1. Where a Cα-Cα gap under 17 Å defines reach, which aspartates and glutamates qualify for Lys102, not counting those fewer than 8 residues away within the same chain?
2. Tell me the angle of helix 484-496 to the major Cα principal axis of the chain, expressed in degrees between 0 and 90 and rounded to the nearest ten.
3. To the nearest 20 Debye, how big is the dipole of the chain about its Cα centre, given +1 on the beta carbon of each Lys and Arg and -1 on that of each Asp and Glu?
4. Using alpha carbon coordinates only, what is the Rg to Rh ratio of the stretch 321-468, with Rh defined as the Kirkwood radius?
5. After finding the eigenvalues of the alpha carbon gyration tensor for the stretch 416-549, what semi-axes result from the square roots of 5 times each, listed largest first in whole Å?
6. For the chain, calculate the relative contact order in percent as a whole number, restricting contacts to Cα pairs under 8 Å that are 6 or more residues apart.
7. Taking other Cβ within 10 Å of each residue's Cβ, how do Phe67, Phe597, Phe129 sort, fewest first?
8. Rounded to the nearest 0.05, what FRET efficiency do Arg343 and Gln99 give with R0 = 56 Å and r taken as the Cβ-Cβ distance? Could you check?
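Readers should treat all values here as calculations from the given coordinates under stated rules, not as data from a laboratory. In this text the structure is predicted, and so the values were computed from the model without any measurement. Note that we place each Cβ from the backbone using ideal geometry, even for glycine, and neighbour counts take in every protein chain shown.
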Amino acid sequence: MTLRQLAYYNVLRNRRSYAAFFLASVFSVMVFFVYSMFIFHPLLEEDSLRVLAVRGMFIAEIVLYIFTLFFLFYSMSAFLQARSKEFGVLVHLGMTKKQLNKLIFFETVILGGVSTVTGIAFGFAFTKFFFMIGREIMQLEALPLYVSWQPFVLTIAAFASLFIIITLISVSFIRTKRVIDLLQGYWKTEEVTKSSTVLSYTGLLLLALSYVLASVVTDATVYMMVLIVPPLATLGTYLFFTHSIHFLLNMYKKNKSIYWNKTRLVSLAESSVKLKDSAQMFFIVTIVSTVAFLTVGTLASFTSYTGDFRESNPLGLIYISFNGNDEEQQHIDGLTQELENERLAYDLVPLTVKRQTSSFTGNDVDIVSASDFNRLAVALGYEPVNPAQGQALFIPYSKESLDILADSQVETVLMESEVPLSINAVYPQLMFPIHTLNYNSIVVNDADFAAVDEPLMGYAAGQSTFTYYAFHIPEWEETAAVGAGLASIVEEALESEDFSGLNFFFENPGEEYRWFKSSFALLLFIGVMVAAVFLLAAGSFIYFKLYTGLERDRKQYLLLVRLGMTDKELGRIVNRQLVPQFFLPWTLALLHSAFAFISLQVVWDEFAQLSILVEMALVLGGFTLAQVLYFFLIRWRYIAHLQAS
């Protein structure tokens, strides 16, 4: 039998142990290939959203490659360690280290080749499905399937190099082993788990400190805490699994009335050994799971911002005409014609806005008449207002301003026109985007509005008055192409900071909303795929530990059966061994993520007053459900393998 044949039969014989490794590898290749198909798509080369898609997926591929490199290295090392007795026999029978390295190389080539081909096959089969999702997210007319050599070559080259690197690194540990060390096998004589009291308390203290810091973070300290809390939590997690948990278990064992109770003695004694042996694996699983939770949770929180953006921008189009704008009517006619060409229903409400100085604050105030304001309120489906002469209402500029202005009572005089006003209420709905009117804006009685007949101090007649054209468009997101010419003129002026020849302002909130919504959905799509690879790999780490020690566990199981253990008692023992391995790192990852989301809420509060509680609960709840299902699947297969004899 040649080395190649031996490698083939080794892979075939160990297919059960390689199952999770193979599945995670195939899924990584599939995701990498799908992203490559997006990157090289001939249609994704134009607007900013498509550039974002290409760049986002390129970065995701780099992250995926680096993580897969780490994942495969850990997996191969675990497999090779579990097979050390087999390698010891081969070396003892005369196989040289060079031949042993070739054998491992051939096995990795077989696994890598099959994983790559299978992943590309599945990726190409599902590419059309992912293109349909991408088309809907980016709101493209079409995103057809295409065939090109570039995605295939990039994927094959990336994973071929990756498997070769893994092989060269993984075999290094065998070179340093003596035959006697290899023959002793992976599971050596078990010792009573030991831990450092100082390091145990340090691990618990660091975790508690990181949680406290994350929960009391403020706007002023949030960015500093980003640099402090993650290192503390990471070190605390490592010490928790390597020392703290064993210190707590040893304290628990000292209570014999609890510890020496039926099957608890057997299950906890065995769990203690496995927890000690798997400490580094638990640390890795916790960190990987936390990264996955935070990635998806952060991207999912962007959906809250899109909803907040919609509430803060109730108008479909905004055109503001200043004094001396000779093209005002031409621009309005052009916008209405474009809306009609797009077959979009709309309500156009022109409002005359005057500007005066408030004696109360000394700042400029934008003034709208009640009749103009009510026409827009009715178009938006809101209640009209009816201020008495000498009375006024605040126009809110944001959701948070509603509470602030509701408690404000102002007696003021519009200084230029000497109009006294009493302002003691705020309109309960957002009507105008924050930057299109002054922060100090009010609605006044029509008689008071007519009495404002003087321009703002320092301005000539008519220069401090402008016309605000508010377009209410029910199909808000369909205005993407409307007013593109006007938007480009405004954008050029903003970029050059030259507004000398610009006597109008135009904004298309519907287009901005479409861009925000599509961008965040696209990033979430990219993040979910990468996070799925992370979580599949995290579950695979646990799978590796279970199945590399399966033969030893089976012998223990048969011994317990001979001693008279019932199936119910054996099931209880298995549960007490499996539950910590699955849910201890998971629970710690959930805690890490929950406190990280508290800090994330502070960051969001700085930009917009919104809550991400629902999104976070959905993300953590969804991942927890997936982990529970995965636990029952692995438990079912694990018990089936234990009972096979």
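1. Once the sequence-local aspartates and glutamates are set aside, what remains near Lys102 is Glu86.
2. The helix 484-496 is inclined about 80 degrees to the chain.
3. Numbers: 43 positive and 56 negative charges, 1730 e Å.
For the chain, the charge dipole is close to 8300 debye.
4. Dividing the radius of gyration by the Kirkwood radius yields 0.98.
5. Details: eigenvalues 545, 91, 40 Å².
So the three semi-axes of the stretch 416-549 are 52, 21, 14 Å.
6. Details: 848 pairs, mean separation 124.0, N = 645.
19 percent.
7. Details: Phe67 17, Phe597 24, Phe129 10.
Ranked by crowding around the Cβ, least crowded first: Phe129, Phe67, Phe597.
8. My answer for the efficiency is 0.15.
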